[in-house]
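Engineer: Before we start, here is the structure in question, set down as structure tokens.
The values are calculated or read from the model by the stated rules, or taken from the named source; none is laboratory data. All values reported here derive from a predicted model rather than from experimental measurement. Using ideal geometry, Cβ is built from the backbone for each residue, glycine included, and neighbour counts are taken over all protein chains shown. SASA here: full protein model, heavy atoms, side chains in, ligands and nucleic acids out. Shrake-Rupley method; radii C 1.70, N 1.55, O 1.52, S 1.80 Å.
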Amino acid sequence: MAGIYLHIPFCKKACHYCNFHFSTSLQNREELVECLHIEAEMQKNYLEGLPVQTIYFGGGTPSLLPPVAISSLLDTLRRHYNVQPDAEITLEANPDDLQPATLEGLKTAGINRLSIGIQSFFEEDLRWMNRAHNAQQAEGCITQARAAGFDNFSIDLIYGGPTLSNEHWRQNVAKAVALGVPHLSCYALTVEPGTALDHFIQHHKVPPIDPDRAAQHFEMLMQWLEEAGYEHYEISNFALPGKRSRHNSSYWQGKPYLGLGPSAHSFNISSRQWNVANNALYIQGVRKGSLAFEKEILSPQMALNEYIMISLRTEAGCNLERVAERFGPEKSRQLHSAGKEFIEKGWMKEEAATLRLTRAGKFFADGIAAAMFF
């Protein structure tokens, strides 16, 4: 099985915390979409005919594209790839874009899952983040999405910010639960180099992010959503039964995927490559028939470390028998030995030859994985 990701690098506004590749100028939007069609044909052999079970429009803000453009791109993908009839097809969207007519158009185009960047239901938080939508739109778009027939959707929430009190965080999560949101992706606010937030903190225009506040919010989040019946299936992702993201799950399971568009990554088990993160250079390369990208061949050590990192973030955990099959029994024994330290600390548990993080260990997921690298 395989997936396809399309990067739509346009946004109305630049969120202060975001370090993804995007442009607030829509000047070359139509030309870039044309190049996505061309790249899709150029790369048609990358997945070697594997069944495509998931398609994901990410960004940027894909909901800035008209539904007819989405429909046309999906037609191109079906023409060149083995897209399955029951494929999960997700589109990231901002609440202010999800008007009833747009939602109807997206449904008709073939989108069957939405990922909505709500971030918060409170006006103060949205203004601080420089989001394009307001609190009323944040809540209203969920009702409108349901009315349009989208019963499979996710929302993003951000915690740990200086404007978000414990009580407002509780209300954010409670509102999502009350609205019956089937999937939540919840992220701690982080300061990425080169972002507006990084600049503001360095120049003392806003206070530094408090890691203790973020940890407290994460603890609350895990407790509340467990009580509400959500499965905590990846560090940042929670789903009602049957509503996990199939596309993101395929990343965590190490399945192949093709990325189309500027900055998009592709993975075919043996190597990884990523397109140039520049709209003009991307368009120029596609027009010339020579896609601008970088590539790395994954050594066995790199592949093992990646498996450790990804698997420990998930409910499935790091399977020692799988490690033995793919990388050799000695690596499995060494990994088992390395895990003992964290089992003793109560941060990890071993069940059926699988290492999994405990709730306490989830606070240190990346550090634990790095300490177990080869």
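Engineer: Which Cys residues of the chain have no other Cys Cβ less than 4.7 Å away and so no disulfide-compatible partner by this rule?
Structural biologist: 11, 35, 141, 186, 318
Engineer: How much length is gained on full extension from residue 166 to residue 108, taking 0.36 nm per residue of separation minus their Cα-Cα distance?
Structural biologist: The residue 166-residue 108 span can extend by a further 16.9 nm.
Engineer: Here is a further query. Ranked highest first by average number of other Cβ atoms within 10 Å, how do 279-292, 144-157 line up?
Structural biologist: Final packing ranking: 144-157, 279-292.
Engineer: Taking loop as defined by DSSP and a crowding limit of 12 other beta carbons within 10 Å, which trypsin sites (Lys or Arg not before Pro) in the range 171-214 fit?
Structural biologist: Hits after loop and neighbour filter: 205.
Engineer: Ignoring everything except DSSP H segments at least 4 long, calculate the 222 nm mean residue ellipticity for the chain; use -39,500 (n - 2.57) per segment, divide by total residues, nearest 500.
Structural biologist: Computed mean residue ellipticity for the chain: -12500 deg cm²/dmol.
Engineer: Another question, then. What is the calculated FRET efficiency for residue 123 to residue 306, with r their C-beta to C-beta distance and R₀ = 51 Å, to the nearest 0.05?
Structural biologist: For R0 = 51 Å, the calculated efficiency reads 0.80.
Engineer: Roughly how many nanometres apart are two label points built 7 Å out from the Cα toward the Cβ at residue 31 and residue 86?
Structural biologist: In this crude spin-label approximation the distance works out to 4.3 nm.
Engineer: Pairs to check: 175/205; 340/362; 255/340; 107/243; 13/243. Give those whose C-alpha atoms are more than 20 Å from each other in this structure.
Structural biologist: Violating the 20 Å Cα-Cα cut-off are 175/205; 255/340; 13/243.
Engineer: Follow-up question, since we're still on this one. Please report, as a whole percent, how much of the solvent-accessible surface of the chain comes from carbon and sulfur atoms (probe radius 1.4 Å).
Structural biologist: About 51 percent, which is the carbon plus sulfur part of the accessible surface.
Engineer: Assuming R0 = 25 Å, can you tell me the calculated FRET efficiency for the pair residue 370 and residue 295, based on Cβ-Cβ distance, to the nearest 0.05?
Structural biologist: Given R0 = 25 Å and the Cβ-Cβ separation, E is 0.55.
Engineer: Oh, and also: Using the heavy atoms of the protein chains alone and a 1.4 angstrom probe, what is the accessible area of the chain per residue in square angstrom?
Structural biologist: About 44 Å² of surface per residue is accessible.
Engineer: Can you tell me which of 180-188, 40-48 comes out highest on packing, and rank the rest after it, using the mean Cβ neighbours within 10 Å?
Structural biologist: 180-188, 40-48
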